[in-house]
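Here's the structure we're looking at; comments come further down.
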């Protein structure tokens, strides 16, 4: 019984780490540095810098 509990914990731990890594990627690269067509192909930081 303990063996199956360990497997479930390992899976949840790995999934949690995966989601955290994806969140960090989105917040640090995808939403800040990537050019967006809706922002005239500028990154959000550049768009805000030149249009404020």
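Yes/no per residue for (1) touching a helix residue (DSSP H, G or I) at 6+ places or on another chain (Cβ under 8 Å); (2) surrounded by fewer than 10 Cβ atoms within 10 Å (Cβ to Cβ); (3) modelled with pLDDT of 75 or more:
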{"site": "1", "(1), (2), (3)": "no, yes, no"}
{"site": "12", "(1), (2), (3)": "no, no, no"}
{"site": "15", "(1), (2), (3)": "no, no, yes"}
{"site": "22", "(1), (2), (3)": "no, no, yes"}
{"site": "39", "(1), (2), (3)": "yes, no, yes"}
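Identify the single condition in (1) assigned to a helix (DSSP H, G or I); (2) modelled with pLDDT of 80 or more that residue 34 does not satisfy, given that it satisfies every other one.
For residue 34, the failing item is (1).
The values are calculated or read from the model by the stated rules, or taken from the named source; none is laboratory data. Keep in mind the model is a prediction, meaning the values are calculated, not measured. Methodologically, a virtual Cβ is constructed for each residue, glycine included, from the backbone with ideal geometry; neighbour enumeration extends over all protein chains shown.
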